[in-house]
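A quick write-up on the structure given underneath.
The values are calculated or read from the model by the stated rules, or taken from the named source; none is laboratory data. All figures in this text were calculated on a predicted structure; none of them were measured in a lab. Positions of Cβ are generated from backbone atoms using ideal geometry, with glycine treated the same way; all protein chains shown enter the neighbour counts.
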Amino acid sequence: MEPILKVQALHKHFNVRAGLFRSKQFNAVSDVSFCLGKGETLAIIGETGSGKSTLGKILAGADTASSGQILLDGQIIEDGGKRVENSKDIRLIFQDPMKSLNPSNTIGSILGEILVLNTDLDKRQRRERINQTLLNVGLLAEHRNYYAHMFSGGQIQRVALARAIILDPKILVLDEALSSLDPSVRAQTVNLLLRLQRETGLSYILITNHLSLVKHMSDSLLLLHKGKVVEYGETHQVFAKPQTKLAERMLAN
Ligand SMILES: Nc1ncnc2c1ncn2[C@@H]1O[C@H](COP(=O)(O)OP(=O)(O)OP(=O)(O)O)[C@@H](O)[C@H]1O
């Protein structure tokens with residue numbers, strides 16, 4: 001079966017200062033390739049600075065690569081450092097969603113604005129879609145009238161999820177999105193994500209070093225080191241037989 005996402009030889013460098021008048025290229029992501037199937041989860045792990053977030057941002061279109069290709073459903077969406085199509089099909093969720101929610105707007109108006117900008121739905125249809133999306137993430141329709149500060153940490157992550165799925169994407173990139181939640185709220189959010197995946201066939205890219213989450217949620221696992229893929233395979237196989245000393249060390253913790 002054609003993978004939903006195919007990443008080929010992706011590369012990202014940043015120009016960083018190397019003295020007063022000079023700059024040099026720093027490779028944050030080097031020659032990264034992988035595939036993700038529909039309804040599957042790929043975990044990306046790696047030490048701090050290994051390029052996980054940079055890769056996540058590029059996949060979601062929040063940044064562009066320097067070279068390489070990204071194909072979604074067989075169609076090229078990024079090629080040679082250019083986003084060919086600004087796809088709404090890959091959405092990013094961060095660790096701290098509060099930062100990206102306007103505190104002076106209700107959740108209903110934040111979600112409504114996304115629908116106004118991206119769909120032809122009329123007011124009644126938008127209202128229905130917002131209510132349904134809030135219910136889908138385990139919130140109530142009444143929560144549309146709430147402001148961000150009125151939610152708990154777990155609820156705000158559900159609001160972020162509602163915002164991410166309201167346009168019916170194919171892939172969610174979860175960048176440490178579950179890290180700051182306390183264990184019981186994290187377990188509930190994981191169950192919610194798994195239910196959504198079962199019901200809608202959503203695919204996830206899970207950026208985390210939380211190994212029990214990786215084991216519980218992911219089908220495949222990619223280990224980045226200094227921007228390069230040093231291990232990639234089915235999660236249970238990588239855990240059972242890591243090929244590198246680094247993977248052995250990281251997965252033993
Ligand atoms: N805009 C930028 N300009 C220059 N260097 C950058 C920029 N963004 C990221 N980097 C560098 O790229 C490397 C990879 O960063 P990235 O945030 O992707 O790592 P990470 O694996 O997500 O780390 P962490 O787990 O700490 O979040 C780091 O060395 C970082 O300093």
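Yes or no, residue by residue, for (1) at positive phi; (2) within 16 Å of the ligand (Cβ to nearest atom); (3) modelled with pLDDT under 95; (4) surrounded by fewer than 21 Cβ atoms within 10 Å (Cβ to Cβ):
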| residue | (1), (2), (3), (4) |
| --- | --- |
| Gln157 | no, no, yes, no |
| Ala160 | no, no, yes, no |
| Leu172 | no, no, no, no |
| Ser180 | no, yes, yes, yes |
| Arg186 | no, no, yes, yes |
Fill in the blank from the handout: Per the list (1) without any contact (Cβ under 8 Å) to a residue 24 or more places away in the chain; (2) away from the ligand (no atom under 16 Å from the Cβ), residue check on Glu231 breaks on (2)
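Yes/no per residue for (1) within 12 Å of the ligand (Cβ to nearest atom); (2) among the charged types (D, E, K, R):
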position: Asn27; (1), (2): yes, no
position: Asp31; (1), (2): no, yes
position: Glu47; (1), (2): yes, yes
position: Thr54; (1), (2): yes, no
Fill in the blank from the handout: Note on Ile90: of the conditions (1) within 16 Å of the ligand (Cβ to nearest atom); (2) buried (at least 16 other Cβ atoms within 10 Å of the Cβ), unmet is (1)
Exercise for the section: For residues that are under 17 Å from Ser203 (Cα atoms) and at pLDDT below 95, scanning just segment 1-54, find the one that is surrounded by the most Cβ atoms within 10 Å (Cβ to Cβ). Expected result: Pro3
Practice task
Kindly check whether there is at least one residue in segment 40-48 that is over 16 Å from Asp175 (Cβ atoms) and part of a loop (DSSP other than H, G, I, E, B).
Solution key: yes
Fill in the blank from the handout: The condition of being out of contact with any Phe, Trp or Tyr (no Cβ under 7 Å at 6 or more places or on another chain), without any contact (Cβ under 8 Å) to a residue 12 or more places away in the chain and of a type in the set (Gly, Ala, Ser) holds, among Gly19, Gly68, Gly74, Gly61, only for Gly19
Practice task
Those residues that are in contact with a Lys or Arg (Cβ under 9 Å, 6 or more places away or on another chain) and not in a strand (DSSP E or B), I need them from segment 24-39; list them, please.
Solution key: Lys38, Gly39
Completion exercise
Only unsatisfied item for Leu194, checking (1) buried (at least 19 other Cβ atoms within 10 Å of the Cβ); (2) without any contact (Cβ under 8 Å) to a residue 40 or more places away in the chain, is (1)
Exercise for the section: Evaluate the following for Leu193: is it among the hydrophobic types (A, V, I, L, M, F, W, C), within 16 Å of the ligand (Cβ to nearest atom) and at negative phi? Expected result: no
Fill in the blank from the handout: Conditions (1) touching a residue at least 40 places away in the same chain (Cβ under 8 Å); (2) farther than 30 Å from His143 by Cα; (3) within 16 Å of the ligand (Cβ to nearest atom); (4) over 15 Å from the mean Cα position of the chain (by Cα) -> Ala247 fails only (1)
